Amino acid sequence: MKLNHKINHGWQRPSEPISESYQREIDRSVSKAETKWRQAQREVQRAEKAAARAELRAARKPSPETIAARDEARRLVLQRLDELRQIEELMRTPTHAPTVAVHRTGRQERLEVGEYRKPRKKKTPKNPVKTTRRNP
């Protein structure tokens, strides 16, 4: 059977007004995220300053301790930048892929996963007694 159902991809569910309590939760969450983001920015700045100081010390007096401190400061800057990127990623609004309606049956899902195998035909043993039209 062929399905001729056309789907309107441009249709979107009508928006509903947000309740005040939900809006307060959103505002609280956004303010916490902004606070974390500002703290992460400050941590990055502190780590960069410490790395610059360690770089100067290692340039003035190159010893194994100052070189190790410089490398540790560089690692800390990279770690703080990674934390800041993660927070910024969480603050970004998600982009959704366009929804595509697919008629799903169990067989299609098994085919996608790779679990479906065509069932084998059952071999039935031949009947030892031959039946004919005259001799049932």
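The values are calculated or read from the model by the stated rules, or taken from the named source; none is laboratory data. What you see is a predicted model; the values in this text were computed from it and never measured. Quick reminder, even Gly has a Cβ in these numbers, built from the backbone with ideal geometry, and neighbours come from all protein chains shown. These accessible areas exclude ligands, DNA and RNA; they are computed on the full protein's heavy atoms, side chains included. Shrake-Rupley method; radii C 1.70, N 1.55, O 1.52, S 1.80 Å.
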Checklist entry - Is there a residue being in contact (Cβ under 8 Å) with a residue 24 or more places away in the chain and acidic (D, E) anywhere in region 41-54? => result yes
Checklist entry - So which residues in region 1-33 are under 30 Å from L76 (Cβ atoms) and free of Cβ contacts under 8 Å to residues at least 12 places away in the same chain? => result S29, V30, S31, K32
Checklist outcome for this item: Checked pairs for region 114-127, first part of a loop (DSSP other than H, G, I, E, B), second modelled with pLDDT under 75 and surrounded by 10 or more Cβ atoms within 10 Å (Cβ to Cβ), C-beta under 6 Å and 6 or more apart or across chains, list as Y116/R110
Checklist entry - Any idea which residue in region 67-94 is surrounded by the fewest Cβ atoms within 10 Å (Cβ to Cβ), counting only those that are among the β-branched types (V, I, T) and without any contact (Cβ under 8 Å) to a residue 40 or more places away in the chain? => result T93
Item to check | Scan of region 21-54 for residues that are farther than 28 Å from R92 by Cα and open to solvent by less than 70 Å² (accessible area, probe 1.4 Å), ordered by number | outcome: A50, A51, A52, A54
